[in-house]
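This report refers to the structure that appears directly beneath it.
The values are calculated or read from the model by the stated rules, or taken from the named source; none is laboratory data. Owing to the predicted nature of the structure, the values given are computational and were not obtained by experimental measurement. So basically every Cβ, Gly included, is an ideal-geometry build from the backbone, and we count neighbours across all protein chains shown. For accessibility, only protein heavy atoms count, side chains too; no ligands or nucleic acids. Shrake-Rupley method; radii C 1.70, N 1.55, O 1.52, S 1.80 Å.
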There are 2 protein chains.
Amino acid sequence: MKALVTISLVATWLVLPTVIQAQRAEAPDQAPGKAEAPASPDPNLAKIPAGYRDWRLISVAREEGKQNDIRAILGNDIAVKAYQEGTLPFPDGAIIARIAWSLVPSEENNKVFGQAQSFIAGAPKNGVQFMFKDSKKYAATGGWGFAQFSEATGEPASESMLATCFPCHQPVAARDLVFTRYSLSGLAGQK
Amino acid sequence: MKALVTISLVATWLVLPTVIQAQRAEAPDQAPGKAEAPASPDPNLAKIPAGYRDWRLISVAREEGKQNDIRAILGNDIAVKAYQEGTLPFPDGAIIARIAWSLVPSEENNKVFGQAQSFIAGAPKNGVQFMFKDSKKYAATGGWGFAQFSEATGEPASESMLATCFPCHQPVAARDLVFTRYSLSGLAGQK
């Protein structure tokens, strides 16, 4: 935990001199250390939604760079229904979650494949992020409330950190500020 | 479709001269073309389970090499319950699904990050695979029935191809022949 706080503080210090755009891009994926994570003033953004790990899969992704993770984007029933039916904007009550893990080689799998090619999810990292849709409550940020929690401690990110989310999502305003698209698993009538 | 069949036939031809181990390792991830996919004799292994895309997430992975995909492993309720409770062997009725997509750069995301680092799920590829647990019906193959379907046509893989699955899963016999471990998203009491 001490190491995590140190790394986080160093990372914060390193980010400070960079341009705003880069700062915004990196901030959402830093797991906040205890020392820099006062509770968000909005209690809805300071509480991890119950049962989110059991939500359905929207898509997967891989981030290189400082994030260096493999990630899954999940949605609650309202969010997944909207995705599957192509409903935009997302209805109130929709919640989208982003979870992430380190990407580690699988020696077990590589033995079977006969070569080094297989990477699996390791430890959780880069926090757990949520977007909560409430067009009234979060009208000032496009109808979405943004939240992030440390994957290690469960503590919410600071208000100042969460304030960087909304501006960064502007490029996908046409998709109701949501970057991730829903991934079908088959092409011929299968879902 | 024509191109897919051609590629598949070429791929099959290329694999034939290789050693058995490599053939086994590669076979499960080749999407079978129409010409080489007679229905499996077991009707349970020739039918895609309804609603599998809505099953819960077990974990994610990245395969390089010829597979070159990003993948998600999903489970039906019986399978996920067994994972979450650490039940081994998996109970009858458990079904595990493996879906996969091409891994494509996201220019949209890269613009936000300010550098090329972001890869997302593209088109489905490498078939959709299932393991069906039935300790009696599939006693000869460790209690699991193995199935694969073309992500393009939905057609089942050939019997000869499916016969390569069971031997390849032997290294994880101690985990009831299942390679994938369940990935928690948080470390401190969160799931």
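Cut-off under 15 Å on the C-alpha distance; same-chain residues fewer than 8 positions from A:K136 excluded. Which aspartates and glutamates are left, in chain and number order?
Here the aspartates and glutamates satisfying the reach criterion relative to A:K136 are A:D42, A:D92, A:D176.
Would you mind giving the total buried accessible surface between chains A and B, with a 1.4 Å probe and ligands, DNA and RNA left out, rounded to the nearest 100 Å²?
4800 Å²
To the nearest µm²/s, what D does Stokes-Einstein give for the range A:70-132 at 25 °C and 0.890 mPa s, using the Kirkwood radius over alpha carbon pairs as Rh?
Stokes-Einstein gives a translational diffusion coefficient of 178 µm²/s.
Given +1 on the Cβ of Lys and Arg, -1 on the Cβ of Asp and Glu, and no further charges, what dipole in debye does the range B:71-147 carry about its Cα centre, rounded to the nearest 20?
200 debye
Which whole number gives the average count of other chain Cβ atoms within 10 Å of the Cβ atoms across peptide B:57-70?
Mean shielding count: 6.
Just the Cα atoms of the range B:126-191, one point each, no solvent: what log10 I(q)/I(0) does Debye give at q = 0.13, 0.22, 0.23, 0.27 Å⁻¹?
-0.47, -0.95, -0.99, -1.18
Going by Cα centres, the range A:53-99 and the range A:112-141 are how many Å apart?
Answer, in whole Å: 8.
Karplus couplings for the range A:93-103 from phi (6.51 cos²θ - 1.76 cosθ + 1.60, θ = phi - 60°), rounded to Hz, Gly and Pro as x?
x, 5, 10, 10, 10, 10, 10, 8, 9, 5, 9
Of the options B:S118, B:N76, B:I95, report the single residue whose Cα projects farthest towards the positive end of the charge dipole of the range B:71-122 (beta-carbon charges: Lys, Arg +1; Asp, Glu -1).
Positive-end residue among those listed: B:S118.
Of the listed pairs A:K66/B:K111; B:K47/B:K133; A:K66/A:K137, which have alpha-carbon separations greater than 26 Å here?
From A:K66/B:K111; B:K47/B:K133; A:K66/A:K137, over 26 Å: A:K66/A:K137.
Hey, for A:A50 with labels 7 Å out along Cα-Cβ, what do the inter-copy distances come to in nm, ordered shortest first?
Going from nearest to farthest copy, the values are 3.0 nm.
Could you estimate the translational diffusion coefficient of the range A:65-191 from the Stokes-Einstein equation, with Rh from the Kirkwood formula over C-alpha pairs, at 4 °C and 1.567 mPa s, in whole µm²/s?
78 µm²/s
Modelled label-to-label distance, A:T87 and B:S135, 7 Å Cα→beta-carbon offset: nm?
4.3 nm
Quickly work out the B:D77-to-A:E159 label distance, labels modelled 7 Å from Cα along the C-beta direction, and quote it in nm with one decimal.
Rounded to a tenth, the inter-label distance reads 4.3 nm.
Which ³J(HN,Hα) values, rounded to whole Hz and listed in residue order, are derived for the range B:172-183 from phi using the Karplus coefficients 6.51, -1.76 and 1.60 in 6.51 cos²θ - 1.76 cosθ + 1.60 with θ = phi - 60°, glycine and proline given as x?
10, 4, 5, 10, 6, 6, 9, 5, 6, 9, 6, 9
With +1 on each Lys and Arg Cβ and -1 on each Asp and Glu Cβ, and nothing else charged, work out how big the dipole of the range A:99-188 is about its Cα centre, in Debye to the nearest 20.
Details: 7 positive and 7 negative charges, 68 e Å.
Around 320 debye, computed over the range A:99-188.
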